[in-house]
1. Restricting to the range 340-380, give me the number of residues that are of a type in the set (Ser, Thr, Tyr) and part of a helix (DSSP H, G or I).
2. Could you grab me the full set of residues in the range 136-160 that are in a loop (DSSP other than H, G, I, E, B) and either open to solvent by 50 Å² or more (accessible area, probe 1.4 Å) or closer than 30 Å to Gly227 by Cα (or both)?
3. Take the residues of the range 99-129 that are open to solvent by 80 Å² or more (accessible area, probe 1.4 Å) and in contact with a strand residue (DSSP E or B) (Cβ under 9 Å, 6 or more places away or on another chain): which is farthest from Gln2 (Cα to Cα)?
4. Could you please find all residues in the range 337-357 being charged (D, E, K, R) and open to solvent by less than 80 Å² (accessible area, probe 1.4 Å)?
5. How many residues are at pLDDT 75 or above and exposed (fewer than 15 other Cβ atoms within 10 Å of the Cβ) when one looks only at the range 41-56?
6. Just one of the numbered conditions (1) within 24 Å of Gly165 (Cβ to Cβ); (2) loosely packed, with under 15 Cβ neighbours inside 10 Å is not true of Glu270; which one?
7. Quick check, is Asp291 within 30 Å of Glu353 (Cβ to Cβ), at pLDDT 90 or above, of a type in the set (D, E, K, R) and outside any helix (DSSP H, G or I)?
8. For Ala257, are the conditions met, namely being more than 21 Å from Glu137 (Cβ to Cβ), part of a helix (DSSP H, G or I) and open to solvent by less than 90 Å² (accessible area, probe 1.4 Å)?
Amino acid sequence: MQITTNKINSANAKINAAITRKTVDANVEKIANQLSKEIKVAGFRKGKVPVSMVKKQYGERLVQDAEAQLLRDVLNEGLAAMEIVADTLIGEPNITKFEKHDNGIDVEVTIAMRPSIELGDYAAMVPEVVKVAIEDEAIVARIEELATAQAPLVNVDEDRPLVSGDTALIDFEGFVDGEAFEGGKAENFSLRLGSGQFIPGFEDQVIGMRKGDEKTIDVTFPENYGGAKLAGKPAEFTVKINAIQAKEVVVIDEELAKKMLPGFEDASVEMLKEKVKEQLESEAMSVRYNDELKPALMETFVSAFTIDLPDFIVEQEMDMALNKKASTMSEEEIAELRENADKVQELRETFREEAARAVKATFIVDALAKAENIVVNEQELMQTIYYEAMQMGQDPVAVYKNYQESGYLPAIQMAMIEDRVLSKLLNDKIK
């Protein structure tokens, strides 16, 4: 058996082998001899089964087992010759050639490895981060917003028109084609103007009415309205304003501070403002991190490091991009591609550069995570998916299972690792 190796770069290698017919036959004989000592056949003592009978009984399976063993030998000898450690391999070796002929078998095995990355002084590439300045006006506005949300509704005694944000206690009845319809009537209904509770146009026409006013409102039900009998139909509503309510006026004082900071015995207005300032800073920095700093830092790393990329992973990334593009195409466009293989390949090639960048970024993040001792274990991954699913009102178990079966978990895990790595590097540079 003749083996030649080609270590193309730190991420790709090939092993070629010419396996002679004599080598295959010898391996078949070896396996058959071993089986003759192990199998049980009626009429023969264990270990005394003739090799000829073993060959007759197992036939082609012996040849397949012999070839599989020789493939493993080719791989092991090739890796040893190139001094490649097995745990650096990515995925399974790809048998790109397996041609049988009268003289034996010609084999080619393509191998992908985790590329080596010299990070150097990567921390020096991270820019200094200046905290977002929070103005006093923004702090007061947030306190008023939070306090108002919890404040009770009180009746408005003054004679004034309704404005957006007010709550109106109304009687109403709706008519379509002059007839009242089911579910279109209520008394003392609490309607917060601007909430979008009613069909478009209704609340806008209530704004400006005063307590005691009565009015007929003309609206049209949306085409996609839930009730088929009303969808798209023009309607009239008679409306009477029984009362106007508004949130109790907020006063920022010690009493409010104690109410909004229940866990602090020494709560004060200054402490409340400081806590709210921290919250606003965190929100502002989060937006800045996600929209500006993290993408820019990742781009810096991708541009700065030169690494070899496993070819087959780039190809896989291109295939995923092509499939994603296909999902947005019309049936006519898909049909056109099916009829022209060259166009499919041409379209696929347009994704190569971005695919290579994405693969490169993944390996850089992996190397940085190791350098910074950052990991995301399976439990953290599951908790994150469960939490996000519950936030969207979905079944967390079903969502997790769907991601698992679709093979999305590694990508989600890597995204979480990337977020933590970049956040830590940026946090270390905050002034």
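1. Final tally of qualifying residues: 1.
2. Let us first name the residues in the range 136-160 that are in a loop (DSSP other than H, G, I, E, B), namely 151-152, 156-160.
Result: Pro152, Asp157, Glu158, Asp159.
3. For the range 99-129, the residue satisfying everything is Glu128.
4. In the first step, residues of the range 337-357 are kept if they are charged (D, E, K, R); the result is 338-339, 342-343, 346, 348-349, 352-354, 357.
Once the filter is applied, which keeps residues that are charged (D, E, K, R) and open to solvent by less than 80 Å² (accessible area, probe 1.4 Å), the range 337-357 yields Arg348, Glu349, Arg357.
5. Counting residues in the range 41-56 that are at pLDDT 75 or above and exposed (fewer than 15 other Cβ atoms within 10 Å of the Cβ) gives 3.
6. Just one mismatch for Glu270, condition (1).
7. Values: within 30 Å of Glu353 (Cβ to Cβ): yes; at pLDDT 90 or above: yes; of a type in the set (D, E, K, R): yes; outside any helix (DSSP H, G or I): no.
No.
8. Details: more than 21 Å from Glu137 (Cβ to Cβ): no; part of a helix (DSSP H, G or I): yes; open to solvent by less than 90 Å² (accessible area, probe 1.4 Å): yes.
For Ala257, the condition - more than 21 Å from Glu137 (Cβ to Cβ), part of a helix (DSSP H, G or I) and open to solvent by less than 90 Å² (accessible area, probe 1.4 Å) - is not met.
The values are calculated or read from the model by the stated rules, or taken from the named source; none is laboratory data. A quick note: this is a predicted structure, and the numbers were derived from the prediction, not measured. So basically every Cβ, Gly included, is an ideal-geometry build from the backbone, and we count neighbours across all protein chains shown. SASA here: full protein model, heavy atoms, side chains in, ligands and nucleic acids out. Shrake-Rupley method; radii C 1.70, N 1.55, O 1.52, S 1.80 Å.
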